[in-house]
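The next block holds one structure in the form of C-alpha cells; read it before the comments.
Rule-based calculations on the coordinates, nothing more; no lab input. None of the values given here were measured: they were computed from a predicted structure. Glycine also receives a Cβ, built like all others from the backbone with ideal geometry; neighbour counts cover every protein chain displayed.
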Amino acid sequence: MLLIKQLVKTYSSEHQPITILTLPLLEVSEQQKVAIVGPSGCGKSTLLNIIAGIVRPSSGEVNVLGTDILQLRETRMDAFRSRHIGYVFQNFNLLSGFTALENVMFAMQFAKVIPQKERKARGLELLDRVGLIHRLNNKVNRLSQGEQQRVAIARALANKPPLVLADEPTASLDSDNSALVFNLLVEMCSQFNSALIVSTHDIDMANQMDYIFHLRKRSESDDVEAMSDVFA
Ligand SMILES: Nc1ncnc2c1ncn2[C@@H]1O[C@H](COP(=O)(O)OP(=O)(O)OP(=O)(O)O)[C@@H](O)[C@H]1O
Ligand SMILES: [Mg+2]
C-alpha cells in the first residue's frame with residue numbers, strides 16, 4: 001500500500017543545501033498501523049507531507065497504492081489525495097467559517113467517491129460516530145479543540161480512504177481529550193479498514209500501533225538512521 005525507497009529531502013539554505021531527511025526504506029501494508037516517532041525537527045511532518053504529495057522529495061521513490069505519486073502533476077495529485085488519503089493535521093486545518101457538517105461534506109464533494117445522494121447521511125453518521133451529532137450546524141471555530149479534532153477525523157475518513165495520515169493529532173489537546181481523540185482515530189481506521197500512519201511524541205500512543213518507526217534527527221556530521229522495531 002505504501003512503499004518508500006531511498007528517500008532524500010534537502011532544503012537549500014544561504015550557504016549550502018541541508019539534508020533534513022534520508023530514509024532508505026519504509027513499507028506499510030493494507031490496514032497496518034504505524035507510528036512515526038522522533039525528536040522535533042527530525043522530519044516527521046516532512047515525511048507525512050511527502051506521502052500526501054504536498055511536499056516533493058529531492059530524490060527517491062514514493063509509491064502509494066501502486067501509483068508512483070512523484071509522476072503526478074499537482075491537480076492529479078490533489079484528486080488522488082482526496083480519494084485515497086485522509087489527513088488529520090496537528091492544528092486541524094478545518095474551514096473555519098463553515099459548520100462541522102459542511103467541512104465533512106466538502107471533502108466528499110471534492111473527492112466524488114461517495115455518491116451524491118449518500119453524502120449527507122454519511123456526514124451525519126460520521127459526526128455521530130465522533131460524538132458530535134449535537135454540534136452539526138455549529139461553525140467549527142466555535143467548537144473546542146477536542147471537538148475540532150474530532151471533526152477533522154470525521155473529515156479524514158469521509159471518503160473511506162485506504163490510507164490515513166495523522167500528524168501529532170493530539171498535540172493541541174489536553175490529556176483527557178488526547179486519549180479520547182487518539183482512540184477514536186485508531187478505532188475508526190480499524191472500522192473502515194484504513195491503514196494509519198501517525199506521528200506522535202507520546203510513547204503510550206505509539207505502543208498501540210503495529211510497529212514504531214524511529215526517525216533520528218540528522219546532524220551535519222552523520223546520516224540519519226532509520227530503524228524499525230517490530231512489536232507485533
Ligand atoms: N520549507 C522549509 N525550508 C527549509 N527547512 C525546512 C522547511 N520545512 C521544514 N524544514 C526543516 O526541516 C526539518 C524537519 O522539519 P519537520 O517539520 O518535518 O520536523 P518534525 O519532526 O515534524 O518536527 P516537530 O516534532 O517539531 O513537528 C526542520 O529542521 C525544519 O526546520
Ligand atoms: Mg511536525
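The figures follow:
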read-out: Two-decimal Rg/Rh across the stretch 2-230, once Rg and the Kirkwood Rh are taken from alpha-carbon atoms; value: 0.97
read-out: Highest-fluctuation residue, 152, 171, 121 considered, GNM on the chain with Cα pairs under 10 Å; value: 121
read-out: Projected-area average for the stretch 1-117 over all orientations - Cα convex hull basis, square nanometres; value: 9.5 nm²
read-out: Between helix 116-129 and the chain: long-axis angle, C-alpha atoms, 0 to 90°, nearest 10; value: 80 degrees
read-out: Dipole of the chain, positive end: most advanced residue of 48, 148, 173 [Cβ charges, Cα centre]; value: 148
read-out: 0 to 90° range, to nearest 10: angle between helix 145-156 axis and the chain longest Cα axis; value: 80 degrees
read-out: Lys, Arg +1 and Asp, Glu -1 on Cβ, resulting dipole of the stretch 82-144 about Cα centre, debye, nearest 20; value: 120 debye
read-out: Theoretical ellipticity at 222 nm over the chain - DSSP helices of four or more residues, -39500 (n - 2.57) apiece, nearest 500; value: -10000 deg cm²/dmol
read-out: Nearest 10 degrees, 0 to 90: helix 74-84 Cα axis against the chain principal axis; value: 60 degrees
read-out: Other-chain or far-sequence residues with amide H under 5 Å of residue 88's (modelled H); value: 165, 166, 167
read-out: Dipole magnitude of the stretch 2-230 about its Cα centre (Cβ charges: Lys, Arg +1; Asp, Glu -1), debye to nearest 20; value: 1080 debye
